[in-house]
1. Could you say whether any residue in segment 100-110 is on the phi < 0 side of the Ramachandran plot, touching a residue at least 24 places away in the same chain (Cβ under 8 Å), of a type in the set (Ser, Thr, Tyr) and touching a Lys or Arg at 6+ places or on another chain (Cβ under 9 Å)?
2. Taking the condition surrounded by fewer than 17 Cβ atoms within 10 Å (Cβ to Cβ), more than 16 Å from the chain's Cα centre (by Cα) and at pLDDT below 80, does Arg124 pass?
3. Given the conditions (1) modelled with pLDDT of 85 or more; (2) more than 17 Å from the chain's Cα centre (by Cα); (3) open to solvent by 40 Å² or more (accessible area, probe 1.4 Å), and given that Leu185 satisfies all but one, which numbered condition is not satisfied?
4. Considering only segment 131-151, I want to know if a residue exists there that is closer than 28 Å to Leu42 by Cα, open to solvent by less than 50 Å² (accessible area, probe 1.4 Å) and either at pLDDT 80 or above or not in a loop (DSSP other than H, G, I, E, B) (or both).
5. Please determine whether any residue of segment 73-90 is of a type outside the set (A, V, I, L, M, F, W, C), open to solvent by 50 Å² or more (accessible area, probe 1.4 Å) and under 30 Å from Gly127 (Cα atoms).
Amino acid sequence: MFYLSLIEHTLRLPPHLLNTPLDEALKMELEKLFLDKVIANLGLCISVYDIRSIKGGFIFPGDGASTYTVEFRLIVFRPFVGEIILAKLKESDANVSLGFFDDIYIPVHLLPSPNHFELYPNSRTQGRWIWEYGEEENQFVIDGADQIKFRVHSVIYPSIPVEQPQNSKPFAPMVITGSIDCDGLGPVSWWEEAEVLEE
């Protein structure tokens, strides 16, 4: 889920940071550039782990800043296909959240079946998914009250759209598709209840 990635980057160090120790100043600038950003095919940048090497320190004519080439390691979030992750349901459209990353979706065809969507009273859009397991009394609810275990089905890095429709969701540079259609997956409470019933 989390990896160390080695990156080389050339960056400009502003003059106001000249009094700060070089390692510390470069780390601050790298964090401004990379933290909470997604790098395609690499993942979501969580933290600058360490700086491996610093080269340069050139000041170009007409510029008061020095330019360095820095080799450093980043901690990145990039789940692998098949990985089991514990998350929290965020919306009734089976959008789940890890707290630091929200672009995780569980499409209807990857929910346990048979299932159906039930609107909450006095709501036109909000509701919950219900898994109809066997008998009518065996209906298991998927709502925001519980943590959910899901399996990573795919990780996609969509290309940036030139234009985006007005009412569409904000662009997500990394999208994780999950599934909960196997035993042991879905709301954690389902499987705690199943253990109690077996006893």
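1. No, because not a single residue in segment 100-110 is on the phi < 0 side of the Ramachandran plot, touching a residue at least 24 places away in the same chain (Cβ under 8 Å), of a type in the set (Ser, Thr, Tyr) and touching a Lys or Arg at 6+ places or on another chain (Cβ under 9 Å).
2. Working: surrounded by fewer than 17 Cβ atoms within 10 Å (Cβ to Cβ): yes; more than 16 Å from the chain's Cα centre (by Cα): yes; at pLDDT below 80: yes.
Considered against the rule, which asks whether it is surrounded by fewer than 17 Cβ atoms within 10 Å (Cβ to Cβ), more than 16 Å from the chain's Cα centre (by Cα) and at pLDDT below 80, Arg124 comes out as yes.
3. (3)
4. Taking every residue of segment 131-151 in turn, at least one turns out to be closer than 28 Å to Leu42 by Cα, open to solvent by less than 50 Å² (accessible area, probe 1.4 Å) and either at pLDDT 80 or above or not in a loop (DSSP other than H, G, I, E, B) (or both).
5. yes
The values are calculated or read from the model by the stated rules, or taken from the named source; none is laboratory data. Predicted model only: the values in this text are computed from it and were never measured. In this analysis, Cβ positions are derived from the backbone assuming ideal geometry, glycine residues included, and neighbour counts consider all displayed protein chains. Surface areas here come from the heavy atoms of the whole protein model, side chains and all, with no ligands, DNA or RNA. Shrake-Rupley method; radii C 1.70, N 1.55, O 1.52, S 1.80 Å.
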